[in-house]
Amino acid sequence: MDTFIKGPSKRDVAGMKAAFGAIEASEVISVLYKTERFGNFLVTGAAHTTVLDDVMVGGLNAAAAKKKAKAGDGSEVMQRQPDKDVRAFPAQFEGEFSPEDVEVSQLGHGDLVVASFSQEPYGDFVITGVVTEAENDRSYLMVGPWILQTAQGNAPRLLNVQVVAGNGTHIAPVPTRRGLVEVDGLA
């Protein structure tokens, strides 16, 4: 069930460069990210191009601006360098699951969820990934880099969340709880 969230054993950078090069603004895309802090998560939403022509999905950098490159036959093609955290693109879900509606307050670290968000200019997008808790604040929940809940309640950009599988009942990698991030030596 969770092979889609683990991604390939090796990144196909050449394939991703070509695939990202063909993306147009507003096209719905799915990108698998892999980070130490948030684990693996799949973001699906409309491609958003920045003023620098980078491609973003759900507010996350996916690929750099288009650049000319030589194809195998000597012709020129446009490609985009995938972001370092992009594990797979296009990311395709293999298998099926039946997520169930859940209150965010019922979720905990390591639960596998599907959460939908809305944020301009990125529009509506969906993140499938493992919930992470803050080390010292178990009510501060995130999926990928997006907030699900804080002590003040559900995040304002959160539209809906569904649980796919509880912690310990899936094979998706579960990152450690999020600690404080130091900036210039200050926490």
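The values are calculated or read from the model by the stated rules, or taken from the named source; none is laboratory data. Given the structure is predicted, the values throughout are model-derived calculations rather than measurements. When we count neighbours, we look across all protein chains shown, and the Cβ atoms used for this are built from the backbone with ideal geometry, even at glycine. Ligands, DNA and RNA are excluded from the accessible area calculation, which covers all protein heavy atoms including side chains. Shrake-Rupley method; radii C 1.70, N 1.55, O 1.52, S 1.80 Å.
Restricting segment 1-83 to trypsin sites (Lys or Arg not before Pro) that sit in a DSSP loop and have at most 12 other Cβ atoms within 10 Å of their own Cβ leaves Lys10.
Quick check: from the Cα gyration tensor, does segment 136-182 come out rounded (a/c under 1.5), prolate or oblate?
Working: a/c = 2.01, a/b = 1.15, b/c = 1.76.
Taking the square roots of the gyration eigenvalues as a ≥ b ≥ c, segment 136-182 is oblate.
Counting only protein heavy atoms, what percent of the accessible surface of the chain is carbon or sulfur at a 1.4 Å probe? All intermediate terms of the calculation are to be shown ahead of the outcome.
Values: 4940 of 10010 Å².
That fraction is 49 percent.
In this rough spin-label picture, where each label sits 7 Å from Cα along the Cβ direction, the Lys10-Arg37 distance is 3.0 nm.
Per residue, the accessible area of the chain comes to 54 Å², computed with a 1.4 Å probe over protein heavy atoms only. Taking amide hydrogens as placed 1.01 Å from N in the peptide plane, the amide H of Leu107 sits under 5 Å from that of no residue at least 5 positions away in sequence or on another chain.
Could you tally the net charge around Lys68, taking each other residue with its Cβ under 15 Å from the Cβ of Lys68, Lys/Arg +1 and Asp/Glu -1?
Details: positive: Lys17, Lys66, Lys67, Lys70, Arg80; negative: Asp53, Asp73, Glu76.
Local net charge: +2.
Please work out whether segment 106-187 counts as rounded, prolate or oblate from its C-alpha gyration tensor, where a ≥ b ≥ c are the square roots of the eigenvalues and a/c under 1.5 means rounded, while otherwise a/b larger than b/c means prolate and anything else oblate? Cα axes put segment 106-187 in the oblate bin. Computed 3J(HN,Hα) for segment 46-59, one whole-Hz value per residue from the Karplus formula 6.51 cos²θ - 1.76 cosθ + 1.60 where θ = phi - 60°, is 6, 5, 10, 9, 7, 5, 8, 6, 6, 9, 10, 9, x, x, glycine and proline marked x. Let me know the shape class of the chain, please: from the alpha-carbon gyration tensor, a ≥ b ≥ c as square roots of the eigenvalues, rounded when a/c is under 1.5, otherwise prolate if a/b is greater than b/c, or oblate. Because a/c hits 1.5 or more and a/b exceeds b/c, the chain counts as prolate.
A simple rule links phi to the HN-Hα coupling: the Karplus curve 6.51 cos²θ - 1.76 cosθ + 1.60 with θ = phi - 60°, which for segment 154-162 gives 4, 5, x, 8, 6, 8, 7, 9, 10 Hz, with x for Gly and Pro.
Normalised by residue number, the volume inside the convex hull of the Cα atoms of segment 83-152 is 133 Å³ per residue. Amide hydrogen proximity for Ala62: with H placed 1.01 Å from N in the peptide plane, the residues at 5 or more positions away or on another chain lying under 5 Å are Val55, Met56, Val57. Given +1 at the Cβ of Lys and Arg, -1 at the Cβ of Asp and Glu and no other charges, the dipole of segment 111-170 around its Cα centre is 80 debye to the nearest 20.
Only Lys, Arg, Asp and Glu carry charge here, each on its Cβ (+1 for the first two, -1 for the last two); on that basis the chain has a dipole of about 660 debye about its Cα centre.
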